[in-house]
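Report on the following structure.
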Amino acid sequence: MLKSSIIKDLALRAGFDLCGIVPCCHFAENEHYFREWLASGYGADLYYLERNLDKRFDVGRLVEGAKSVIVCGVNYKSPRSMGYPAGCPTKVASYACNRDYHTTLKQMLATLYASLKELVPSLCARAFTDSAPLLEKQLAVQAGLGWIGRQSLLITPRFGSFVLLCELVIDHEVDCYDSPFEGSRCGECRRCVEACPNGAILPTKSIDACRCISRLTIEKSPDLTSECVGGDVGLAGWIFGCDECQSCCPYNRTTPYATNLNFAPPLFDPVEISAEEWQRMSEELFAERFGQTPLLRSGLQRIQQNIKSQD
């Protein structure tokens with residue numbers, strides 16, 4: 001049987017800032033609320049969320065023979081995470097100013113898995129970085145890493161909400177599992193709700209994706225331009241993602257900046273790239289400068305479209 005203390009030590013050596021371990025289980029209550037959220041139309045055109053619902057809320061159905069989930073987190077906070085100059089028209093979510101975290105975290109999980117495999121050769125595992133139907137934020141709560149904030153994100157006592165999560169699902173039990181994080185520390189604070197430019201934060205600690213700037217700037221949908229023009233829905237200067245509900249959070253004010261070399265320092269500062277420079281940029285230059293970042297997901301034309309929609 002694997003020892004929890006050894007797993008956490010190896011996770012730290014692999015570069016993770018946080019690690020918690022939970023047994024596989026079925027999150028029936030979360031499944032109920034998620035189905036209601038979808039039925040209410042808050043998922044917008046993110047139709048992939050409707051697939052594999054049985055697996056999303058039960059890791060045992062997603063990975064055959066799964067016994068435990070090792071939940072890991074990395075702090076990615078940078079000075080830009082805490083906001084942009086007033087009126088900045090080229091704002092990018094701070095996580096996207098680094099190399100694509102899907103690749104980075106997968107590599108770190110591979111290092112952790114290799115170390116565990118040396119100790120237990122029979123160990124089998126699968127790694128996930130939000131690319132599969134896995135309830136990672138709730139798993140993180142169960143692993144004692146933090147609580148779900150009013151803006152629907154995981155908030156950790158040590159690093160606030162600027163944390164990227166990933167999971168290693170293993171087919172072995174662990175000698176000691178972590179206790180769930182009890183309660184919420186948001187209190188009566190509503191700063192994230194008030195800061196959201198489009199009022200996308202719902203009373204149920206969930207998001208109306210129809211109004212969320214992250215979805216409006218990233219997801220490839222032909223009707224997004226019309227959604228963003230006129231009415232009370234806009235982009236507020238964001239051209240990829242959005243940090244508004246995080247940069248205002250009191251728990252993020254005093255947390256440390258990232259020390260992991262994969263996230264510190266960031267590869268670029270969006271403030272140093274003007275709207276005009278983005279509009280003149282060629283596909284070749286875009287690929288050269290941003291091909292390793294999450295910006296590749298939306299592509300240059302989409303970023304240019306987002307800028308143009310705010311003129």
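Of note:
- Extreme residue, modelled with the highest pLDDT, among residues of the range 225-242 that are more than 24 Å from the chain's Cα centre (by Cα) and among the small types (Gly, Ala, Ser): GLY231
- Residue that is surrounded by the fewest Cβ atoms within 10 Å (Cβ to Cβ) [pool: residues in the range 76-96 that are in contact (Cβ under 8 Å) with a residue 40 or more places away in the chain and closer than 20 Å to GLU276 by Cβ]: GLY87
- Test result for ARG289, over 22 Å from ASP45 (Cβ atoms), modelled with pLDDT of 95 or more, exposed (fewer than 12 other Cβ atoms within 10 Å of the Cβ) and more than 16 Å from the chain's Cα centre (by Cα): no
- Residue that is modelled with the lowest pLDDT [pool: residues in the range 243-284 that are within 28 Å of ALA200 (Cβ to Cβ) and among the hydroxyl-bearing types (Ser, Thr, Tyr)]: THR254
- Taken over the range 160-189, the criterion of being farther than 21 Å from ALA200 by Cβ, surrounded by 14 or more Cβ atoms within 10 Å (Cβ to Cβ) and more than 14 Å from the chain's Cα centre (by Cα) is satisfied by LEU168, VAL169, ILE170, ASP171, HIS172, VAL174, TYR177, ASP178, PRO180, PHE181.
- Selection of first residues in the range 36-55 that are over 20 Å from ALA132 (Cβ atoms) and touching a residue at least 40 places away in the same chain (Cβ under 8 Å) and of second residues that are surrounded by 15 or more Cβ atoms within 10 Å (Cβ to Cβ) and β-branched (Val, Ile, Thr), restricted to Cβ pairs under 8 Å at least 6 apart or on distinct chains, gives the following pairs, ordered by first then second residue: TYR42/ILE207.
For (1) buried (at least 16 other Cβ atoms within 10 Å of the Cβ); (2) farther than 25 Å from ILE213 by Cα; (3) of a type in the set (Phe, Trp, Tyr), each residue gets a yes or a no:
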{"position": "ASP17", "(1), (2), (3)": "yes, yes, no"}
{"position": "HIS32", "(1), (2), (3)": "no, yes, no"}
{"position": "GLU50", "(1), (2), (3)": "no, no, no"}
{"position": "THR103", "(1), (2), (3)": "no, no, no"}
{"position": "MET108", "(1), (2), (3)": "yes, yes, no"}
{"position": "LEU112", "(1), (2), (3)": "yes, yes, no"}
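Residues are listed down the side, and each one gets a yes or a no for (1) more than 30 Å from PRO250 (Cα to Cα); (2) in contact with a Lys or Arg (Cβ under 7 Å, 6 or more places away or on another chain); (3) part of a loop (DSSP other than H, G, I, E, B):
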{"site": "ARG35", "(1), (2), (3)": "yes, no, no"}
{"site": "GLY43", "(1), (2), (3)": "no, no, yes"}
{"site": "ASP54", "(1), (2), (3)": "yes, yes, no"}
{"site": "ARG61", "(1), (2), (3)": "yes, yes, no"}
{"site": "ILE70", "(1), (2), (3)": "no, no, no"}
{"site": "LYS77", "(1), (2), (3)": "no, no, yes"}
{"site": "ALA86", "(1), (2), (3)": "no, no, yes"}
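The values are calculated or read from the model by the stated rules, or taken from the named source; none is laboratory data. Please read all numbers here as calculations on a predicted model, not as lab measurements. In this analysis, Cβ positions are derived from the backbone assuming ideal geometry, glycine residues included, and neighbour counts consider all displayed protein chains.
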